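Have a look at the structure below before the remarks.
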Amino acid sequence: MAADSPAYFTIIMLLSRLLAFMGISKNTDVLGVAPSRDPSAIASASQDFGLIVKSAPQAVLFPSSPQDVASFIQSNYNSSAPFTVAARGLSHSVRGQALAKNGVVVDMISLSSNPQGTGIRISGDGTYVDVGGEQLWIDVLNVTMRSGLAPVSWTDYLYLTVGGTLSNAGISGQTFRFGPQISNVYEMDVITGKGDLVTCSPNQSSDLFYAVLGGLGQFGIITRARIPLEPAPKGVKWIRMLYSDFSAFSKDQEFLISKNDRTDKTALNYVEGSLLLSQASLDPFFPPEDHPRIGALITKFGIVYSLEIVKHYDDQSKSTVDKDLQQLLKGLSYLPDFLFEKDATYVDFLNRVRAEELFLRSKGLWEVPHPWLNLFIPKSGITRFNDGVFKGIVLQRNITSGPLLVYPMNRKKWDDRMSASIPDEEIFYTVGFLHASGFDNWQTYDDQNQAVLQFCQKSGIEIKQYLLQYATKEDWIRHFGSKWNTFQQRKQQFDPKFLLSPGQYIFNNN
Ligand SMILES: Cc1cc2nc3c(=O)[nH]c(=O)nc-3n(C[C@H](O)[C@H](O)[C@H](O)COP(=O)(O)OP(=O)(O)OC[C@H]3O[C@@H](n4cnc5c(N)ncnc54)[C@H](O)[C@@H]3O)c2cc1C
C-alpha cells in the first residue's frame, strides 16, 4: 500500500488507537496522532495571506503536543515514501511558504489548545518568557504586560506566530537598537526533519540553534522559544516628521539610529519611515484637519517622506521625556510645521496595525491578493534606489496601494551565524512594498516588483530579498552567498530527506 493512499492514514489512526487501548504507550508515541483529510482543513491549508499561490496538501496534522509532531515526523521520515511537511503558523506568508503541495501541513495553532503545553510562561525572576512556537506575539505581549514586562524586539503586526517570525527574522522599528527578533532568543526546542526533539541554544546544539533562526523552516519545527524580557514602559511618545527631500530624510534616519546602545536610556526605541504618495493614503495618525495641507505638500513634491519615531517613558521619565526628545530632534531637517505627535500606551502603539486590519476587513479589503516585495538595500545604494525606484518606477506607474516602508538598520545587531541573509554593509535599509491588489490585477504589481528588481540588478545595488521566494536554486545560492555552504550542510544534517517547508522551494522543485 502506498504511504500516500487514503487507507494509510486510517490504518495509522486505527493502530495508534488500538495500541493506546492496549496501554502500549511507547508505540503510541511513535505512531502519534493521525493527519486529517477533512476537505475544509485541506482547503484552508492550501492558501495563505498572499492569495496568489494555491497548492493542496494530502492531509493536515492537528497536533495537541510537540510529541505528536515529533512522532509524526519521525514515522514519516522512516517511511519508504515520506511526505513533505510544512509547519503552518497563521499562514501569513505571501508566496505559499507555509504550503506543502501533496504533503502534510502541521497546523501549529492547534498546539495552543493543549493546557499542558508550553503556552506562555514567564520565568520566576522575570528575565525571560518561554513561549510555544505556535503562540501569537499579541498574546505574548498581553501575558507579559500583566507582569509589567515585555520582549524588546517586535514586528509591525502582532498576529503572527513566534515560530513563523523566527523562521524569517522579525523586523520593525526596534531592530536598529535591539536587533531583529532572531537576535533576541536564548534557547529553543526544535523538532528536526528526522523527528528528533532537540533543545538548542548558543551553548547547546548551537548548529541547530543558528540554522533555525532565519532558516525559513528548513531545519526543524520550533515548538518553544525562550525570549528575553525587560520592564515594559508605561507609555510612548510617538512622532512623525515630514520631509520633501530624501537625502535629508535618510541622513536624519541614519543619525537617529547611530544612537543604538541597548542600555542607553536616552536613545530612541523605534525608528521607521514611509512614503506618502497621496492624500487618500493618510492614516488617522495625522489629524484630519491637517490632511489638506499634507495633501498639498504631496501634490507639490510628488513624494513626501515620513520619518516615524518613538520614545518610551515610565513613571520616572514621564516628566522629562518631552525635553529629552527635543534634545534628540534638535538639528533635524524635517519641514517646519510638519511634526505630528501623539501619546499612546505601549500596547496600543505596538498593536497599531490591528486597527488598520479591522478597518480593511470591514471593507472586504483584507482577504485580497498581496503581491508584496520586501528588500534589504545597502546604504551605498539607497540614494540611487530613491532616484530610480521611488521617483522613477513608483511615480511613473502610479499603482501603489498599501504602505511603502523605508527605514535603516545596523548590521552589527544581527548575528552572522544565523541563517538570515543580509547585505554586507554596516547600515542597510529595508524597503517594503506592502501592496494589496484585486484578484484580477495582482500581476500588474508583480510586474512592478520585477521592474524594481531589474533596476537594482542593472544599477549594481546588491539587495537581499526578505520574506522572499526565488524561482531557481541558483537564485537561492546567490541569496545566501557565503552562507550557502553552511546552509546546505545543515540541511543535510537536520533534514537529509528535504522534507521540511517545501513551499520555500529551496531544495524542493517549484
Ligand atoms: C500584515 C502583516 C504584517 C507583517 N509585518 C511584518 C513585520 O513588521 N516584520 C516582519 O519581519 N514580518 C512581518 N510580516 C511577515 C511575517 O513575519 C511572516 O509572514 C511570517 O511568516 C509569520 O507569519 P506566520 O506566523 O503566519 O508564519 P507562516 O506563514 O505560517 O510560516 C512561515 C514559514 O515559517 C515556517 N514555520 C511556521 N511556523 C514554524 C515553526 N514553528 N517552526 C519552524 N518553521 C515554521 C513555515 O513552514 C513557513 O515556511 C507581516 C505579515 C503580515 C501578513
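The values are calculated or read from the model by the stated rules, or taken from the named source; none is laboratory data. Model, not experiment: these values are computed from the prediction. No Cβ is skipped: glycine too gets one built from the backbone with ideal geometry, and neighbour counts run over all protein chains shown.
Selection over the range 358-395 of residues that are over 30 Å from E462 (Cα atoms) and surrounded by fewer than 15 Cβ atoms within 10 Å (Cβ to Cβ) gives a count of 8. On inspection, G173 does not qualify as small (G, A, S), within 24 Å of D314 (Cα to Cα) and more than 11 Å from the ligand (Cβ to nearest atom). So for the range 62-76 (the condition being of a type outside the set (F, W, Y), part of a helix (DSSP H, G or I) and closer than 28 Å to P369 by Cβ), does at least one residue qualify? There is no residue in the range 62-76 that is of a type outside the set (F, W, Y), part of a helix (DSSP H, G or I) and closer than 28 Å to P369 by Cβ. Residues that are among the small types (G, A, S) and either within 16 Å of the ligand (Cβ to nearest atom) or not assigned by TED's automatic domain parsing to the domain that holds Y429 (or both) occur at least once in the range 347-361. Of all residues in the range 319-345, those that are over 20 Å from K234 (Cβ atoms) have Cβ atoms under 8 Å from Cβ atoms of residues that are among the small types (G, A, S) and in a loop (DSSP other than H, G, I, E, B), 6 or more apart or on another chain, in L335/S244. Of F249, F255, all but one fail to be more than 25 Å from the chain's Cα centre (by Cα), surrounded by fewer than 18 Cβ atoms within 10 Å (Cβ to Cβ) and closer than 21 Å to I171 by Cβ; the exception is F255. Scanning the range 187-202 turns up no residue that is under 16 Å from the mean Cα position of the chain (by Cα) and outside any strand (DSSP E or B). Take the residues of the range 469-510 that are touching a residue at least 60 places away in the same chain (Cβ under 8 Å) and in contact with a strand residue (DSSP E or B) (Cβ under 7 Å, 6 or more places away or on another chain): which is nearest to the ligand (Cβ to nearest atom)? Ranking the candidates gives S501 first.
The set of residues from the range 443-480 being under 23 Å from T155 (Cβ atoms) and modelled with pLDDT of 95 or more comprises Y445, N449, V452, I463, K464, Q465, Y466, L467, H479, F480. Scan the range 474-481 and give yes if some residue there is in a helix (DSSP H, G or I) and buried (at least 20 other Cβ atoms within 10 Å of the Cβ), otherwise no. Looking through the range 474-481, at least one residue is in a helix (DSSP H, G or I) and buried (at least 20 other Cβ atoms within 10 Å of the Cβ). Only residues that are more than 10 Å from the ligand (Cβ to nearest atom) and in a loop (DSSP other than H, G, I, E, B) were counted in the range 96-135, giving 14. Might you let me know whether the range 424-447 holds any residue that is touching a Ser or Thr at 6+ places or on another chain (Cβ under 7 Å) and part of a helix (DSSP H, G or I)? So far as the range 424-447 goes, yes, one or more of its residues are touching a Ser or Thr at 6+ places or on another chain (Cβ under 7 Å) and part of a helix (DSSP H, G or I).
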